[in-house]
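The structure appears right after this line, and notes come after that.
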Amino acid sequence: MANLSQQGGLNTRTVFISASTNRYGSAADCSAETGHVAFGTRRLVGLWDASWKIFAEKQAHDKSGVTALCAFGNFIVSGGSDAKVKVWDLQEDKLELVQTLDTKGRFPLDIKLACLPQSSAMVMAVAATDRVIRIFVHTKDGFTPAVNLEGHEDWIRCLAFDSADVSSNGHDALTLASGSQDGYIRLWVFKPKAETISKQAGLDDVLAAFEASLGDFAEGEEGGKRISNRSHVLSVRSNDGSMKQFTITFDALLVGHENHVTTVSWQQVPKSGSESTSPPTLLSSSTDASLILWSPTDSPTSIWVNRQRFGDVIGAKAGGFVGALWSLNGDEVMGWGWNGCWRRWRCAKDEAGKETWTEVPAITGHHEPVKGLAWDPNGDYIITSSLDQTTRIFGPWRRPADNSTIETWHELARPQIHGYDLIAPDFINSLRFVTTGDEKVARVFDAPRGFVRTLKGLGVTTIHNESESERPIGASVPPLGLSNKAAVDDDETFRERDAQPVTVPPCEGELASTTLWPEVEKLFGHGYELYALGVSHSGSVVATACKSTTPEHAVIRLYDSGTWRPLGEPLPGHTLTVTRIAFSPDDRFILSTSRDRTWRLFERQAEGGYRPIASEKGHARIIWDCAWSKVGGLFATAGRDKLVKVWQPTDGTCAKWKAIATIKLEEAATAVDFALVGESRHRLAIGLENGNVAIYSAPFGEPGSWSLELVVDPSLLPVEQIHRLAWRTKPNAPAESSELAVASEEGSVRIITLVSATT
């Protein structure tokens, strides 16, 4: 659902947000009422297919991060790296601290609350940076320590109480699942003591043999593989004042993961009048790059078995799965990895009840700051680059539905997965781009066959008519290499994908492995890491600049995209790092800005090179960005001095320029870009250091008269510095609407639409 806002005669809405998920097992949850997924993305909470707002904020732990959080009824319990567990009471949108528990130097990693079976008494389980699960019961004096559950041999990372009221053995019970860094999952059963069976009949021979093989640990020894059926007794006072006892018994050891278990989650029981006949199912995630579904067998011994396994192709490079959860209806499982990526599988059952799980597209995004973005020349899709060392292409997926067309944006390709932080991308043409990163060379990439098929299959564009067979089938990165190499046609990985029609966007496994673009050229010449990049509108010239503290290296180097040879001499003038390079709409001029607080202008020569013709110290602080107007020969510069200046030549030679307008802002200006409003006005978007965006406009006839048209609703925007703004320039686009792409420090990529409120 898109966020909407109206101001100053313009409606603004969010068309697309790309964001990753934080690297915590409790960083996402699925609403039991709506089915929407909420997830933490750096400092923000993201909603997958919904629009929520924060109605209360509270500093929970002084000078420490919140490491665990649980909400149950009116209680919110938080754990922090200050080794404290705090219990809060939520009443009328206000949080009141009612209790603080000291975990004695151990950081809480997960906290879960539930009601005991056949009782309204609450129980709390706390896992911390040790091998013990601490059980607390709620009394009139708050939560009091009751039992310590031992058995794991490493830190316990995750807990989950069964949401069902009846356990697999048919007795009223509550089951607690615990997952540990030892790679094991343990199940603990809470039962009223009156129903406790003194000895389990027909103890499973397999379990007995396994226990014997593990050896016998001494009572005081910390052994994580210890299996014991010894019952722990809980005593709680009921509402009528009488005491009621419960037992906690170790029930099962689930062995299947090969590395840390990061999340355990029980499948939701459908809310319907009839009882569910499905066995209880536990979902677990691990850093071994797998998700597993566990269920008990139908035999009297009810052995828990690995029913389904997902996700191995995500690969160890992604760090495995950090967390996982169920959808509301229990027919989908979702997991997110160390790099913030999501993967999702959907279950379908045939008439015989046989399950088939199929991977379906999920949300994706950068997990580090996004430093650059650019629209393709036709305005069909965007490319982004990030400090997470990837470039990504996002575009619309158009498909028919109910006599209309649905359009949603997705990641279409991950053309570059690099070993250096990536700074700036730009298109040479719709199927070729160049990128710069934290290295001394710029790299040029060509689209493979699979990307062209994706554009056509998803309805992104119909412009590309060239033969697909002329392009490489795909690309791969050699071990210990940085350059994407074209794959040969007999590569089985790509042939299998190439044989299938493209009907849905690629999933995370495909994006991470089969959507790379072959690298076709490297551009050398700079002595330090590259920082700025520009490509002429004709695509014939590529300009680059590197980090510098001396005039010798603060030059702009030009390359002919036809031969990839240097074009003329390096362009001198700046004394410090060049921050932005921009070509004028007709490619006659190159404009550059720098940390030396100046802008410089270079004019094209008859022999093909460029020469300096103008410069100005236009700001009192670093100039972060510059942009040309689409018509009228204007350009704007944005500085850290909280000013944006609009410049116009004072004569026909363009050797002298004057600041005809100065826009004062409340924060440092970090990004600017021009657009047109019909055939009568300029529109200027300004991005600020605090994440805000302001829109100004001026008539063609009065280019010095800029007025504030709109301050974009902050709820539609990032909360950290804007690094890049880019208006979508698309032929035959409606004059009354504009689309603005935003790249930010928080790692999100957003597309915002501005539409006249009168349309």
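Computed values, structure above
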read-out: Residue count, the range 617-636 (criterion: over 21 Å from PHE674 (Cα atoms) and either part of a strand (DSSP E or B) or touching a residue at least 40 places away in the same chain (Cβ under 8 Å) (or both)); value: 1
read-out: Among the candidates ASN329, ASN378, ASN339, residue that is surrounded by fewer than 24 Cβ atoms within 10 Å (Cβ to Cβ) and under 24 Å from ASP288 (Cβ atoms); value: ASN339
read-out: Residue in the range 439-448 that is surrounded by the most Cβ atoms within 10 Å (Cβ to Cβ), counting only those that are of a type outside the set (A, V, I, L, M, F, W, C) and modelled with pLDDT of 95 or more; value: ARG443
read-out: Residues (of a type in the set (Gly, Ala, Ser) and either in contact with a Cys (Cβ under 8 Å, 6 or more places away or on another chain) or more than 17 Å from PRO566 (Cβ to Cβ) (or both)) located in the range 540-553; value: SER548
read-out: Residue satisfying condition, being surrounded by fewer than 17 Cβ atoms within 10 Å (Cβ to Cβ) and either on the phi < 0 side of the Ramachandran plot or part of a loop (DSSP other than H, G, I, E, B) (or both), within set LEU69, LEU97, LEU149, LEU109; value: LEU97
read-out: Matching entry among LEU558, LEU567, LEU530, LEU571 (being among the aliphatic types (A, V, I, L, M), under 34 Å from the mean Cα position of the chain (by Cα) and in the same structural domain as LYS440 (by TED's automatic domain parsing)); value: LEU530
read-out: ASP586, sole failed condition from (1) in contact (Cβ under 8 Å) with a residue 60 or more places away in the chain; (2) outside any strand (DSSP E or B); (3) among the acidic types (Asp, Glu); value: (1)
read-out: Selected residue [part of a strand (DSSP E or B), surrounded by 19 or more Cβ atoms within 10 Å (Cβ to Cβ) and touching an Asp or Glu at 6+ places or on another chain (Cβ under 7 Å)] from ALA694, ALA698, ALA685; value: ALA685
read-out: Considering residues of the range 637-679 that are assigned to a strand (DSSP E or B) and of a type in the set (S, T, N, Q) only, the residue farthest from LEU591 (Cα to Cα); value: THR662
read-out: Candidates THR408, THR454, THR436, filtered to the one that is assigned to a strand (DSSP E or B) and at pLDDT below 95; value: THR408
read-out: Residue check, LEU601 under 21 Å from THR435 (Cβ atoms) and either touching a residue at least 40 places away in the same chain (Cβ under 8 Å) or acidic (Asp, Glu) (or both); value: no
read-out: Within the range 411-427, tally of residues that are assigned to a strand (DSSP E or B) and either among the hydrophobic types (A, V, I, L, M, F, W, C) or over 22 Å from ALA741 (Cβ atoms) (or both); value: 7
read-out: Boolean, HIS171 is under 20 Å from LEU116 (Cα atoms), at pLDDT 90 or above and not hydrophobic (A, V, I, L, M, F, W, C); value: no
read-out: Selection from the range 114-135 of residues that are free of Cβ contacts under 8 Å to residues at least 60 places away in the same chain, within 23 Å of GLN181 (Cα to Cα) and over 29 Å from the mean Cα position of the chain (by Cα); value: MET124, ALA125, ASP130, VAL132, ILE133, ARG134
read-out: Filter result for SER213 (of a type outside the set (A, V, I, L, M), at pLDDT below 90, surrounded by fewer than 12 Cβ atoms within 10 Å (Cβ to Cβ) and outside any loop (DSSP other than H, G, I, E, B)); value: yes
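The values are calculated or read from the model by the stated rules, or taken from the named source; none is laboratory data. Everything numeric here is computed off the predicted structure, so don't read it as measured data. Methodologically, a virtual Cβ is constructed for each residue, glycine included, from the backbone with ideal geometry; neighbour enumeration extends over all protein chains shown.
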